[in-house]
Amino acid sequence: MAFQREQWHSGLTYRQVCETCKTVVQYTDYALDYRPWYADGFVDCPKCGSHLRHDEKYAIKSSGEAAAEGMSGTRAAFCTACGNKFGENDRFCSQCGAKRS
């Protein structure tokens, strides 16, 4: 008996950060690949090729919910040299190597 893919798609968009290279990976559930040991599915990081395990908690919220939560006071940090967005715990820019200020 072969392992079967899920037959439904939610149509949502998901976003994860690769633990290996800190690349932000954005994907839909149409891009998921399945193996018996990744029952919920996985995607490959386009930069380093490592497998990222899929979970529903990585879903991007709709614009109404995101706008309400965006007013909480937390701001995204961007590199002053190249404009790249820093990861949550990054101290250096992943593109140009500049230190986070």
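Only the coordinates and a few stated rules stand behind these numbers; no lab work does. Fair warning: this is a prediction, and the values are worked out from it, not measured in the lab.
Need one word for region 13-60: rounded, prolate or oblate. Basis is the Cα gyration tensor (sqrt eigenvalues a ≥ b ≥ c); a/c below 1.5 gives rounded, then a/b vs b/c decides. Because a/c hits 1.5 or more and a/b fails to exceed b/c, region 13-60 counts as oblate. Maximal additional length on extending the Arg100-Asp55 stretch stands at 13.2 nm, based on 0.36 nm per residue less the C-alpha distance. Please compare each pair in Lys22/Lys85; Lys47/Lys99; Lys22/Lys99 to a cut-off of 19 Å on the Cα-Cα distance and tell me which ones are over it. Flagged as over cut-off: Lys47/Lys99. What the phi angles of region 45-60 give under the Karplus curve with 6.51, -1.76 and 1.60, with θ = phi - 60°, is a coupling list of 5, x, 8, 10, x, 6, 7, 10, 6, 7, 8, 5, 5, 8, 5, 7 Hz, glycine and proline written as x.
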